[in-house]
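Shown next, in structure tokens, is the structure this report addresses.
The values are calculated or read from the model by the stated rules, or taken from the named source; none is laboratory data. The model shown is predicted, which means the values in this text are computed figures rather than measured ones. In case anyone asks, the SASA skips ligands and DNA or RNA and just uses the protein heavy atoms, side chains included. Shrake-Rupley method; radii C 1.70, N 1.55, O 1.52, S 1.80 Å.
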Amino acid sequence: MNRALGTALASVGAAQFLKVPISFAKTGQWRWSALTESGGMPSSHSAGAAALAAYTALKKGTHSMEFAISALYGLIVMADAMGVRRHAGEIAVEVNALGQRVEGLSGKPPSMRRRRPAAELQEKLGHLPIEVAAGTVLGIGIGAISFFREWEKTASASACKGATQDWISRTKRLIRV
């Protein structure tokens, strides 16, 4: 499998898994459904995008086209999570409560003609900035770990000097502005 893709997917999985104990810490109940839910702490989308960008930055350097694409993708994903998706979730809360409000304003019992929706709209879609930040930190960490584990495997005892020089040149490329 492509190492960069595997790193991003592992980060998404780790973030989704972490939602279960974080949910337990907040509510005192184990909610295994959090494994498949969108929204919440940490943002798995941000974690995956950040892992991809971090791995690519370390592997190819920050001046590479691959890093530029992955970083831009990450910024779009994070902005969407905090913006459009979060606002859609807030609108869903209002829409779900709208029927009860109308009935309350009319002062009449619910009409037999009024159909209740079969299912309410999903309310937890987007993320708060802290949830995106947590996903980003997790993703950067997993991206870096993936790169260094790969680098360790390729750096044999006989090629240690060459690998060290390669690492130094990559680091210089990474921090060059």
(Q) Can you sort Met1, Met78 by solvent-accessible area, 1.4 Å probe, largest first? (A) Met1, Met78
Q | Sulfur and carbon atoms: percent of accessible area, the range 1-56 [1.4 Å] | A | 69 percent
Q. Looking at this model, which pairs from Lys60/Lys153; Lys59/Lys172; Lys19/Lys60 are more than 24 angstrom apart at the alpha-carbon?
A. Lys19/Lys60
**Q.** For Arg31, distant residues with modelled amide H under 5 Å away
**A.** Phe24
Q: Report the normalised scattering of the range 5-86 as log10 I(q)/I(0) at q = 0.24, 0.25 Å⁻¹, calculated by the Debye formula with identical scatterers on the alpha carbons.
A: -1.05, -1.09
